[in-house]
Amino acid sequence: MITPIPPVDAIPVPAPIWFLKTLLYVTFLIHVIFMNLILGGNLLAAVFAFKGKAKHLAAARRLVVILPYVTAFAILFGVAPLLFVQVLYGPLFYTSAILLGTPFILIIPVLITAYSLMYAMARWWERLGDLRPWLSLVNLFLLGYIGFVWVNIFTLMLEPDRFKDKYLAHPGGWQLNLVDPTVLPRFLHMFLGAIAVTGLYLAIRGARRIRFEPEQGRWQFRSGATWFAGATIVNMVVGLWWLVDLPKDEMTALMGGNMFGSIALGLGLLAGLASLALALLGINSLKPGRYLWGAACALVVTLLCMIVMRDVIRDAALRTYYDVARTATHPQWGAIGLFLVLFAAAIWLSVFMLNVLKKGAPVDNGATRGPGLTDSGVHKASPAESGIRKLLPSDSGPIKAGPSTSGVHRLDDQDDQ
Amino acid sequence: MNYPVWEVVFGSRWIIAVIGVIHVFIAQFAVGGGLFLVLTEGRARKSEDPALLEWLKKHTRFFTFLTLVFGATTGVGIWFTIGLISPEATSHLIHLFVWVWAIEWVFFLVEILAIIVYNRTWVSRVSRRQHMLIGWIYFAAAYLSLVAINGILAFQLTPGRWLADHSLLSAFFNPSYWSQLIVRSLICVVLAGLYALVTVSWSKDRILKAEVAKYAGTWAWSAAILLLPAGYWFVRSLPKANEDLVRLIASVREASLLFLGATALVAVLVLVVSTVWPRLLGKPYALVLLFMGLCVVGSTEWVRESVRKPYTITDYLYINHVAVRDLARDRKEGMLAASLWVGEKTITPSNEAAAGKELFRIACSACHNAVSGSNAVAPRLKGLDAAFVGGLVYRTDLMRGGMPPFPGTQQEAQAVARYLLEKAPRGGVPRDGASVWARRCGPCHTLAGSFRPVGSFFKGQRPDDIAAVIEAINSVNDKMPPWSGSQAEEKALAKFLAAQGGRAK
């Protein structure tokens, strides 16, 4: 019988499989967090903009202004797992992508449109008025399309037996995988996860603002935590739906059949419940920060577990066709070493640059201009005239000196000290 | 043949051409523009030129938007496209170069963060020195990402010693690595100058415009002038087989001429606005310059892709995704046996055209449409018969155009011919000797040109002798398909060739 999938390359995989899988998990985890913030950010921004009260609009704006940056990092951290999944599962991934070639390639113009729109919204938010919620919804739709195509590719990839008939029926690449019962719960699970992640992000930022704007901060953190808790509770039901829709072999792998899968399922469930409990405790606490950070840590553990489970399901589904663990490897240790050294240097440089960014919060208005601005001297008269507001979307609010702790969302956090 | 072929109505190669050229056009600006930003900032700070600084800030904003929103996304687009269109080659390249790509990704990470920080800290507590340091970090990361990707692109064209030793170092530092790096670096500088001319053309400040026209113009014209010898060096650095393609294939020659013309025009037009007539620099002029820049980038990529013919990875993988090592097997056992993605597994008289369609998709559709569009095959077959077309299909590697060998059996070539002739236009064709020559001999010969000239072969021969040779042409040389034209065509052709022989020196 002819193997229903393309043969593995003659050139061996240039690293141990476990190493590539670790990189796949870690980079995909980071991608998922950023991607969730874009998807959830647009949804919540739309909801808040529809509600339209000042507090809603302030929260919506807080989300909208970070989205261009979050998108840049979502793309960056999307490229890496895409690279590793091609090394590990090339024959299946390419074939599945070709079967969905047309919707797949349309992701690019859709992404460019959404990204441009997010830039425009961040920059002209105040001027957009009643268009705001609708534009956010357009974005949500565009980004949802991207997620939906990916879910189709990654589920179809697990069923090589269907490849040939699907291809011959339509070689033009319009083969969505809609007959697969796991597509919908898988997509919804991701979508609800995006709402949860964004809710928690909003809650943490609200909590940090309580000291400066008690009312807005408190409302925002409660609203964010509620969105998080609500989405997480519904998501547990959807997760169950996904689980029962999985083919038996794949479900078994998560329930004792595969050690990693079973641990990931158990730990993921526990961590999910822990994050929910912590967020709920936080809602009624006077000092919610600790609870929310705890919830965030638990959520990251949950996400990591989900990613491991996803991988275990993939290997269980493909077991009879493609055993990635047995792929021939011939590690290029020199290149791997160089990559690791450069990666470490890049982390160090990134920390340095983020510190520079923290130090150099953009000037927002003349009234809050602090001493020691060392612009070239062009703007001595008034920084308000500098046009720097136009440079890139930035959050409003007074500029405050002082340290900050977080990573990338620091881009916009100068008002949170 | 291992992967299904994504069938795109207008030809999948156009998708890769459009996304690829747009990406390179922005990505090379992202590299050269980074150097431009930081050097110009230093210049503006030193001369305390407020107008220049103010413009530079706006230019940075434009730069950030363009490189992030269009540069990064089209880069992902290239990943998508090559996976869809050349999965076999992509898979091989990824297995060989995954760590080079991972390293490029690390530079990409630094690049993105650096440009955001640089853009956000123009007016801030950050010292000038530190701001410029961020600018330098950006440029270093951007350039190093070019250094990394250049190795992979050059490898596809000239894998060199890797074919024997399979070492990553040989693959990366391959024979055309340095010449390609120099060409790309110079294009980066040209684009940095051109984009600067575009954004400054929006300014109403005449003095600033003249200043930038002179300064940024110098970047563009000097690099464009250097690009001409660099382009020549690139072609000379290629193995002779690739270099010959520039001479022998019309489309490669056209691409090379476009490169020369566009580059020279950029140099001249920029020199004019930079030195003689700065007031000429308005939006239309700047946009024309930018378009010429796009032509430079497009033609460079076009030349690079075309001189690689008939391979995706030279001497390793053909452009129709057939591995060189599998060719003999495929020609013996056939594509239908080897491919996983065909419905017809055997050819019978009733399914010949249907099988031919599937075979065409596998063997030819990487570069050709069947019926319409550019490079469509069927319209060129008017007036030809199945035996002759089948003979040609089976000998694609001998034809003009740098095509790969047909990776199937004679019977399969015949099926492709049947399918194409069903789609070919009907109606009469001219039967005079020159037309017959063009139809039946032109695909593989020139009369007196550089590609297998045969004019002098017939010197002093009578039409009847030539007709006898034509009749038995396949026995004279089995690389040629048997004569299958009519008696009248044979006579006309013989007469025509006799006349040509008379003219030959």
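Using a 1.4 angstrom probe on the protein heavy atoms only, line up A:Trp242, B:Trp277 by accessible area, largest first.
Result of the area sort, largest leading: B:Trp277, A:Trp242.
Where only protein heavy atoms count, and the probe is 1.4 Å, what is the accessible area per residue for segment A:139-257 in Å²?
Accessible surface, normalised per residue, equals 42 Å².
Which whole-number percentage describes the relative contact order of segment A:181-315, with Cα contacts under 8 Å and a sequence gap of 6 or more?
Result for segment A:181-315 is 25 percent.
Would you mind giving the average projected area, over all directions, of the Cα convex hull of chain A in nm² with one decimal?
Convex hull of Cα atoms, orientation-averaged projection: 22.7 nm².
Considering every residue in A:160-171, what mean count of other chain Cβ atoms within 10 Å of its Cβ is obtained?
The shielding value for this peptide is 3.
List the equivalent ellipsoid semi-axes of segment B:431-479 in whole Å, largest first, each obtained as the square root of 5λ for an eigenvalue λ of the Cα gyration tensor.
Semi-axes (√(5λ), whole Å): 16, 14, 13.
Can you return the lysines within cross-link range of B:Lys46? Criterion is Cα-Cα under 21 Å, with same-chain partners fewer than 8 residues away left out.
A:Lys380, B:Lys57, B:Lys58, B:Lys209, B:Lys214
Which value in Å is the Kirkwood Rh of chain B over different Cα pairs?
25.5
Determine how many Å³ per residue the convex hull of the Cα atoms of segment B:96-248 encloses.
Cα-based convex hull of segment B:96-248, divided per residue, equals 138 Å³.
Over its Cα atoms, what ratio of radius of gyration to 2.2 N^0.38 Å does segment A:16-178 give?
In units of the 2.2 N^0.38 Å rule of thumb, it is 1.19.
Keeping every protein chain in place, order B:Leu68, A:Leu184 by accessible area at 1.4 Å, biggest value first, i.e. largest first.
A:Leu184, B:Leu68
Name the residue, out of A:Phe228, A:Phe19, A:Phe77, whose mean-square fluctuation peaks in a Gaussian network model built on chain A with Cα pairs under 10 Å.
Answer for the Gaussian network model of chain A: A:Phe19.
For A:Asp130 and A:Lys248, what does the FRET efficiency come to when R0 = 60 Å and r is the distance between their Cβ atoms, rounded to the nearest 0.05?
0.70
Taking both sides together, what accessible area is buried at the B/A interface, probe 1.4 Å, expressed in Å² and rounded to the nearest 100?
Summing both sides, the interface buries roughly 8100 Å².
Any idea which of A:Leu156, A:Val341, B:Val8 is furthest toward the positive side of the dipole for the protein assembly as shown, if Lys and Arg beta-carbons carry +1 and Asp and Glu beta-carbons -1?
Looking along the dipole axis, the top candidate is A:Val341.
In segment B:123-149, what residues drop by 30 Å² or more of accessible area when the other protein chains are put back, versus the chain on its own? Use 1.4 Å, and skip ligands and nucleic acids.
Residues meeting the cut-off: B:Val123, B:Ser124, B:Arg125, B:Val126, B:Arg128, B:Gln130, B:Ile134, B:Ile137.
Which one, A:Thr327, A:Thr71, A:Thr198, has the greatest fluctuation when you compute a Gaussian network model over chain A with C-alpha springs under 10 angstrom?
Per the Cα network of chain A with a 10 Å cutoff, A:Thr327 tops the list.
For segment B:245-305, what is the convex hull volume of the alpha-carbon atoms per residue, in Å³?
Measuring per residue, one finds 64 Å³ for the Cα hull of segment B:245-305.
Accessible area of B:Val18, 1.4 Å probe, to the nearest 10 Å²?
80
When you look at the Cβ of every residue in B:54-62, what mean number of other chain Cβ atoms sits within 10 Å?
The mean count of partner-chain Cβ atoms within 10 Å per residue comes to 3.
Taking each residue in A:100-113, count the Cβ atoms of any other chain within 10 Å of its Cβ, then average. What number comes out?
If you average over the peptide's residues, the count of other-chain Cβ atoms is 5.
Would you mind checking the tilt of helix A:289-318 against the longest principal axis of the Cα atoms of chain A, expressed as 0 to 90 degrees and rounded to 10?
Around 20 degrees separate the two axes.
Quick one: angle between helix A:333-359 and the longest Cα principal axis of chain A, in degrees between 0 and 90, rounded to 10, please.
20
I need to check one value: relative contact order of segment B:325-456, counting alpha carbon pairs closer than 8 Å and at least 6 residues apart, in percent.
Relative contact order comes out at 27 percent.
Where the only charges are on Cβ atoms (+1 Lys, Arg; -1 Asp, Glu), what is the dipole of the protein assembly as shown about its Cα centre, to the nearest 20 debye?
2380
Springs between alpha-carbon atoms under 10 Å, Gaussian network over chain A: tell me which of A:Pro331, A:Pro185, A:Pro288 tops the mean-square fluctuations.
Residue with maximal mean-square fluctuation among A:Pro331, A:Pro185, A:Pro288: A:Pro331.
Would you kindly calculate the translational diffusion coefficient of segment A:181-315, applying Stokes-Einstein with the Kirkwood radius from alpha carbon pairs, for 4 °C and a viscosity of 1.567 mPa s, and quote it in µm² s⁻¹ without decimals?
Diffusion coefficient, whole number: 85 µm²/s.
Taking 0.36 nm per intervening residue step and subtracting the Cα-Cα distance, what contour gain separates A:Ile347 from A:Arg310 on full extension?
Additional length available on full extension: 10.5 nm.
So which aspartates and glutamates can A:Lys51 reach, going by Cα to Cα under 19 Å and dropping same-chain residues fewer than 8 places off?
Those aspartates and glutamates meeting the cut-off are A:Glu126, A:Asp130, A:Glu215.
Report the label-to-label distance for B:Glu254 and B:Asp465 in nanometres (one decimal), using points 7 Å from each Cα along the Cα→Cβ vector.
Spacing of the two 7 Å Cα→Cβ label points: 4.0 nm.
According to the Cα gyration tensor, what semi-axes, each the square root of 5 times an eigenvalue, does the equivalent ellipsoid of segment B:1-66 have, listed from largest to smallest in whole Å?
Computed over segment B:1-66, the values are 42, 11, 7 Å.
Debye calculation, C-alpha points only, no solvent: report log10 I(q)/I(0) for the protein assembly as shown at q = 0.08 Å⁻¹, in the same order as the q values.
At q = 0.08 Å⁻¹ the computed log10 ratios are -0.83.
Would you mind giving the three semi-axes, in whole Å and largest first, of the ellipsoid equivalent to segment A:3-108 according to its Cα gyration tensor?
Sorted largest first and rounded, they come to 38, 17, 9 Å.
Which value, in Å to one decimal place, does the Kirkwood hydrodynamic radius take for segment A:100-176 when every pair of different Cα atoms is included?
Computed over Cα pairs of segment A:100-176, the Kirkwood hydrodynamic radius comes out at 14.3 Å.
Between B:Val9 and A:Val26, what FRET efficiency follows from the Cβ-Cβ distance if R0 is 60 Å, with the result rounded to 0.05?
0.90
What nm distance separates the two modelled labels at B:Val18 and A:Leu286, each placed 7 Å from Cα along Cα→Cβ?
About 6.3 nm separates the two model spin labels.
Report the one residue of A:Tyr167, A:Gly52, A:Thr102 whose Cα lies farthest in the direction of the positive end of the charge dipole of segment A:16-178 (charges on C-beta: Lys and Arg +1, Asp and Glu -1; origin at the Cα centre).
Highest projection toward the positive end goes to A:Gly52.
Report the relative contact order of chain A, percent, no decimals, based on alpha-carbon pairs under 8 angstrom and at least 6 residues apart.
That works out to 19 percent.
Taking the inverse of the average 1/r across all pairs of different Cα atoms in segment B:1-128, what Kirkwood radius in Å do you get?
Hydrodynamic radius (Kirkwood, Cα only) of segment B:1-128 equals 17.0 Å.
Using Cα atoms only, what is the angle between the long axis of helix A:183-209 and the major principal axis of chain A, expressed in degrees (0 to 90) to the nearest 10?
The angle comes out near 20 degrees.
Ignoring ligands, DNA and RNA, please state the percent of accessible area on segment B:183-340 from carbon and sulfur, probe 1.4 Å.
69
The values are calculated or read from the model by the stated rules, or taken from the named source; none is laboratory data. This one's a predicted model, so the numbers in the text were calculated from it and none came from an experiment. So basically every Cβ, Gly included, is an ideal-geometry build from the backbone, and we count neighbours across all protein chains shown. For accessibility, only protein heavy atoms count, side chains too; no ligands or nucleic acids. Shrake-Rupley method; radii C 1.70, N 1.55, O 1.52, S 1.80 Å.
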